[in-house]
Amino acid sequence: MCAEIVLSVNSLVKEFGGLRAVDNLSFEVRQDTITALIGPNGSGKTTVFNLINGFLKPNSGSILLQSMGRTYELAKLPPYKIARLGVARTFQNTRLFSQLTVMENMLLATRYDGKEGFFAALFQLRSIKELEKQNRRKAEKYLELVELTHKKDEIAQNLSHGQRKLLDLARSLATEAEVLLLDEPTAGIFPELKTKVIELLKIMKENGKTILLIEHDMGMVTEIADNIVVLNYGRKIAEGTPEQIIKNAEVIAVYSGRGDMTCLR
Amino acid sequence: MEYIFYIFVIAGIYAILSLSLNLTVGFTGLPVLGHAAFFCIGAYTSSILALKAGLTPWIGLIAGACTSAMSGAIIGYPSLRLKGDYLAFTTFGLGVIVYSVAKNWVTLTRGPVGLPGIPRFTIFGKEITEDFQYLFLVWIFVLTNMFLINRLVNSPFGRVLRSIREDEIASETLGKNTSKYKLSVFVASAFFAGIAGSLYAHYTTFIDPSSFTMTESITVLLMVIFGGVGNVPGSVLGAVILVVLPELLRFLGLPSSIAAPMRQMIYGLLLVILMLRRPQGIMGTYKFR
């Protein structure tokens, strides 16, 4: 655990009216690791994601990203800039472009770096065609990874729930982001597919991706996470390796008190 | 024969309007309710330049399109930064404002009396007076417009537009500056509508505010929905059908007091049938949202 810190969240506070959804939260995400964010429903996990990727602005605190040798304060940036710095995310309820094809969904994630502007389209720069070809190959590579190649010309809304989850994951990979925020990537998909996703996450980690994961399945979390952050009412109540968390009395109390974590051995 | 030419000239002008509206409403999913405002700005700018400054209609055409695009930028910049349906209100507001300016700024627009005697287009010093010549001119513009819009939408740029229509939040998560895309497409749409306005003014040689009411905006919107949301040839087809169809009613020999309301009723009826049988429009693939 001595890898470099990629993302650090410092004394983050987010209030909705009188409710403190995130309460003085600090944690760090290190390079090439999987960090899991767990906690009961409504404990503020998704809010933390929304803060990191810029959909919400914190009341106070900072979110620092190390990218290409520089430090960026994410709390001041709009979502699209954060995405361009190499932070991708998936959503708990997938947000695909449902009337576009699987391939189009993938291509939208690949990089065009200024080549998808108005005038580039009007004058049909030749470099676009070349880039388009390259990106198509890239997209195909990632589709293969999630075994959706045969569906590439299908309209996204015709996919099953599990396939949608996989496409969302592949799309976040196609952005070539270094940091991936994954909101319950295995929720509601059947066990066989689940093991596939777990394998995929491991491969991604080995390929140098840094993953922040929201997950309810404790079996999965203890299997793949290097570090676990436990939230309750927006506060961090514990942090540590899977072994430490499982033994932590407060965590057990929170979960058993809510009857929510039957899978905690 | 002149009559048929006339109808198809008007159909062509409406085709340009519905093509340009399809860019925003159809491809990008922006709720635009005051498209006639840009039509009006193009028409008045071009006519006033010709009548008061004696400029050739060709310069008026470009000036009209640019003024229209500029007003699009002014109204679009604040309202497109927001997500949701605010644009519906601001464009509706723009439609009302532009109409009342045309009606009440009497010193400039002569108000409800209208502007008569607008000069026609000239080519190599010769004035275009014949309807069939004008038919050519307008449809060259339609085809150019189709070509340009096709280019725009079948490109990475167009793909981003469609992604905004599907899910703007997801598009932003993938690093797209959606406000910028929405603004550029909105301004382009206003530009093309301005061209349509200028073509209209120099063809009819007379304009008054009554050609640019809210009803006009809704009619163009119907053409887009009719032909197919997010479909380029569909927009042209929608415009031609909705212009030609009411004209056919004239041959039924109804008195004009009945014919005018009948036109509106038939629009309504056709739309209801279409939405029930084919919600994506005649040639469309996407559902209207």
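The values are calculated or read from the model by the stated rules, or taken from the named source; none is laboratory data. All figures in this text were calculated on a predicted structure; none of them were measured in a lab. FYI the Cβ positions are ideal-geometry reconstructions off the backbone, even for glycines, and counts take in every protein chain you see.
The figures follow:
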| item | result |
| --- | --- |
| Which numbered condition B:R162 misses (of (1) on the phi > 0 side of the Ramachandran plot; (2) within 12 Å of chain A (Cβ to nearest Cβ)) | (1) |
| Test: residue in region B:266-289 that is part of a helix (DSSP H, G or I) and of a type in the set (S, T, N, Q) | no |
| Counted residues, region B:36-69 - those being without any contact (Cβ under 8 Å) to a residue 60 or more places away in the chain and either in a helix (DSSP H, G or I) or surrounded by 24 or more Cβ atoms within 10 Å (Cβ to Cβ) (or both) | 5 |
| So A:Y112, is it free of Cβ contacts under 8 Å to residues at least 40 places away in the same chain and either within 29 Å of A:I189 (Cα to Cα) or surrounded by fewer than 19 Cβ atoms within 10 Å (Cβ to Cβ) (or both) | no |
| Sole residue being in a helix (DSSP H, G or I) and either within 13 Å of A:L108 (Cα to Cα) or touching a Pro at 6+ places or on another chain (Cβ under 9 Å) (or both), chosen from B:S189, B:S210, B:S217 | B:S210 |
| Pairs where the first residue, in region A:87-103, is within 7 Å of another protein chain (Cβ to nearest Cβ) and modelled with pLDDT of 95 or more and the second is part of a helix (DSSP H, G or I) and surrounded by 19 or more Cβ atoms within 10 Å (Cβ to Cβ), C-beta under 7 Å, 6+ apart | none |
| Residues of region B:44-63 satisfying the condition of being hydrophobic (A, V, I, L, M, F, W, C) and touching a strand residue (DSSP E or B) at 6+ places or on another chain (Cβ under 7 Å) | B:L51 |
| Top-ranked residue in region B:239-288 [being within 14 Å of another protein chain (Cβ to nearest Cβ) and farther than 13 Å from B:V224 by Cβ; ranked as surrounded by the fewest Cβ atoms within 10 Å (Cβ to Cβ)] | B:K287 |
| Residues being under 30 Å from A:T90 (Cα atoms) and without any contact (Cβ under 8 Å) to a residue 60 or more places away in the chain - total across region B:175-232 | 6 |
| Residue satisfying condition, being away from chain A (no Cβ under 14 Å) and part of a helix (DSSP H, G or I), within set B:F157, B:F92 | B:F92 |
| All positions within region B:171-195 that are among the small types (G, A, S), surrounded by fewer than 24 Cβ atoms within 10 Å (Cβ to Cβ) and facing another protein chain (nearest Cβ under 8 Å) | B:G175, B:S184, B:A188 |
